[in-house]
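What follows is a single structure, written as structure tokens, with notes after it.
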Amino acid sequence: MRKYIFEELDSTNNFLRDKKDLREYDLVVARTQTSGKGRRGNQWRSDEGAALFSFALKKDKNLDLKEYRKLPLVAGLSVLKGLSDLEDLEFQFKWTNDVYVGGKKISGILVEMIGDFFIIGIGINVNNKEFGELSERATSLSLETGKEYDIQGIVMGVVNEFKLQYVRLLKGEWSELKSEMNCLNYLKGRRVSVQLPDRIIDGIAGDIVEDGMLELNTGVETMKLDIGEVHIKF
Ligand code: BTN
């Protein structure tokens, strides 16, 4: 595995996207980012003290492309497991790509497909403590415990955890992975408002089901929300 470490980048995802001789599990870590990317074109606040990293995964020809839609979920579970190895906090998985603790976001994941590769970009709030206008909704490991952490150690812990979870996906253990996610499903039982491409629907979130979709009970019917299609508001 090749590892690249920078003081500053525009975005670790962009670094791998533009890399000419990209290889599987190339890993890049930046201390800060000037244009950190979030999902749906959002900016990702990239202060010093956060773990900001991306790694590359090559599409496996034995795995159907639609299975790769589950990658953000597998990455989210890996972050959660990696952080749980460090601290005994109540980390929860927020479908599709986030990790929460105490009702606040501690990590976000952006997966992009570039040719035969998937770039998995992960931001984890580790030693950073200022969130400005996001302070009601975001937290960090340091804010939760009062301790300081070794960022490179956390990055390696999460990447190694991802490798283990990805092998499980390749081996067809999706059902077990899904059960683990559902035990930690932050959205389950919560009233949410879902932005679909053409309309907004309200309902109570349920389990993560086959294909990584999320059940939503609207009171009239139980729908299945597709990964990548929705934006959930509380
Ligand atoms: C989200 O919650 O919207 C996803 C945030 C993903 C942020 C990470 S930080 C490292 C990597 N590089 C980026 O530009 N984005 C991801």
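Laid out as a table, the results:
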| quantity | calculated |
| --- | --- |
| Rounded to whole Å, sorted largest first: equivalent-ellipsoid semi-axes of segment 32-100, Cα gyration tensor | 23, 19, 12 |
| Whole-number accessible area per residue in Å² for the chain, which is evaluated in the context of all protein chains at 1.4 Å | 48 |
| Within the chain: Cβ-based charge dipole about Cα centre, in debye rounded to nearest 20 (Lys, Arg +1; Asp, Glu -1) | 360 |
| Ranked packing of 104-111, 178-185, most packed first, by mean Cβ within 10 Å | 104-111, 178-185 |
| Carbon + sulfur, % of accessible area of the chain - ligands and nucleic acids excluded, 1.4 Å | 47 |
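The values are calculated or read from the model by the stated rules, or taken from the named source; none is laboratory data. Note that this is a predicted model, so its numbers are computed, not measured. Using ideal geometry, Cβ is built from the backbone for each residue, glycine included, and neighbour counts are taken over all protein chains shown. Please note that ligands, DNA and RNA were not included when accessible areas were found on the heavy atoms of the full protein model with its side chains. Shrake-Rupley method; radii C 1.70, N 1.55, O 1.52, S 1.80 Å.
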